[in-house]
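**Student:** Would you mind keeping the following structure in view while I ask a few things?
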């Protein structure tokens, strides 16, 4: 791990210092031991499974926490499935052409390009005004006309320089090689080496799209000897696995309207809904949910038609319905708008397992605890840390894996789900003093009334 990465981890450790508190066993219902897939990785990710969701109590999974061997909470955060498991961006090579050297950004380039019928560049002739001297950093023209997807950045490769390299460039774009617009006003290319470690920065982010790109130095001076140019494209959508909870509910009538109510046993991030009946059917449904039994129902999906014809192997079924956002409510309700019959529907709720990312603070072994109405995980800037590490190590970097090892170990059990009743001793003391003073005044008054009147 480089010094810069250690500094980033240390910064997060300081910012998350509020989470470094001892956790008594009675604060959590159960815990799982964690097995680290790599030693000394610094940052790890744990894929949450069904057991963790069933054990969590708090709606936002704030009662899912990681502890070290000393019983101290470490910096951690629950992230969406795509964040720590994102695939690396795709790249494709681009044709590029060297342009005559120029003294900076103040002089424009006169381009004469020979193109084929599809607009691809075959040959380039370039020139500058007569006042432009030769020499200085190199300039290049890049042909991105064959790319049919948005280009997020340019990736440059060059020969290893004999001296440390630091060169400023800007990127301009054009669709006709005549009118140019700025896509990156200033970026720095770096190639430094010291003590056997090397730092190279050859990625140039683009703010906009164009068929042709030209890279121009911002000032005179030595530049890299370019050997290749690639386009960075958006990563392909990750193929994440969907898990399902199948719920069997009860038929209930609310305000004269028939429906079916279900209870979700855990804090699953539900994003899909599906309905199955025991026979061939086509029913129009509307889905609602709520957190508390006495709360109002909130619309989640529909109306949509869920159908099934034939058996599982040769039959046809409707596709699951997508929800607008992930929902962790406990109670769900299906309301049909067409006849259902005597069959009881099965509500299938789909979710994608989230990932808990934590820092290896303190000594291992580490454990993951879940289920508490008395304690919540502290805030930690894990996502900015991951973004910083990806910027340093490449977009395909991700935290090392860690795994839930073995069965859950019971801690406080159901007692941890009962909130602590805090007594305000100051208020009780104040009321006791007030009541005691009132009683004392009453006793003094009664004693005065009982005394015989004095003679005049």
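The values are calculated or read from the model by the stated rules, or taken from the named source; none is laboratory data. Predicted model, so just to flag it, every value in this text is computed and none were measured. Cβ coordinates were reconstructed from backbone atoms using ideal geometry, including for glycine residues, and neighbour counts include every protein chain displayed.
**Student:** If you check residue 378 against the conditions, is it touching a residue at least 24 places away in the same chain (Cβ under 8 Å), part of a strand (DSSP E or B) and either touching a helix residue (DSSP H, G or I) at 6+ places or on another chain (Cβ under 9 Å) or crowded, with 18+ Cβ neighbours inside 10 Å (or both)?
**Tutor:** When the stated conditions are applied, residue 378 does not pass them.
**Student:** For residues in region 347-372 being assigned to a loop (DSSP other than H, G, I, E, B) and under 23 Å from the mean Cα position of the chain (by Cα), which is surrounded by the fewest Cβ atoms within 10 Å (Cβ to Cβ)?
**Tutor:** Residue satisfying both the conditions and the ranking: 353.
**Student:** So which residues in region 391-416 are buried (at least 16 other Cβ atoms within 10 Å of the Cβ) and either touching a helix residue (DSSP H, G or I) at 6+ places or on another chain (Cβ under 9 Å) or assigned to a helix (DSSP H, G or I) (or both)?
**Tutor:** Within region 391-416, 398, 399, 404, 408, 411, 412, 416 meet the criteria.
**Student:** For region 161-214, give me every one of the strands (runs of 3 or more DSSP E) that falls completely inside it and has 3 or more residues that are within 19 Å of residue 142 (Cβ to Cβ) and under 31 Å from the mean Cα position of the chain (by Cα).
**Tutor:** Correct list: 181-194, 203-205.
**Student:** Right, something else. Could you count how many residues in region 301-329 are within 30 Å of residue 66 (Cα to Cα) and buried (at least 17 other Cβ atoms within 10 Å of the Cβ)?
**Tutor:** 3
**Student:** Going by the conditions given, is residue 316 touching a strand residue (DSSP E or B) at 6+ places or on another chain (Cβ under 9 Å), on the phi < 0 side of the Ramachandran plot and in contact (Cβ under 8 Å) with a residue 40 or more places away in the chain?
**Tutor:** no
**Student:** Do the conditions hold for residue 438, that is, is it modelled with pLDDT of 65 or more and in a helix (DSSP H, G or I)?
**Tutor:** Here the answer is yes, as residue 438 does meet what is asked.
**Student:** Scan region 103-115 and give yes if some residue there is in a strand (DSSP E or B), in the same structural domain as residue 229 (by TED's automatic domain parsing), farther than 22 Å from residue 91 by Cβ and at pLDDT 90 or above, otherwise no.
**Tutor:** Within region 103-115 (the criterion being in a strand (DSSP E or B), in the same structural domain as residue 229 (by TED's automatic domain parsing), farther than 22 Å from residue 91 by Cβ and at pLDDT 90 or above), the answer is no, since none of the residues qualifies.
**Student:** Now, a different point. Go over the candidates 144, 130 one by one and state the one that is more than 30 Å from residue 194 (Cα to Cα) and modelled with pLDDT under 55.
**Tutor:** None of the other options fit; the residue is 130.
**Student:** In addition: Might you check whether a residue that is under 13 Å from residue 276 (Cβ atoms), modelled with pLDDT under 90 and in contact with a strand residue (DSSP E or B) (Cβ under 9 Å, 6 or more places away or on another chain) occurs anywhere in region 326-342?
**Tutor:** Yes: one or more hits.
**Student:** Here's a follow-up. Can you list residue pairs whose Cβ atoms sit under 6 Å apart, with the first residue in region 59-79 being without any contact (Cβ under 8 Å) to a residue 60 or more places away in the chain and the second being surrounded by fewer than 24 Cβ atoms within 10 Å (Cβ to Cβ) and outside any loop (DSSP other than H, G, I, E, B)? Count only pairs 6 or more apart in sequence or on different chains.
**Tutor:** Partner pairs satisfying both residue conditions: 71/22.
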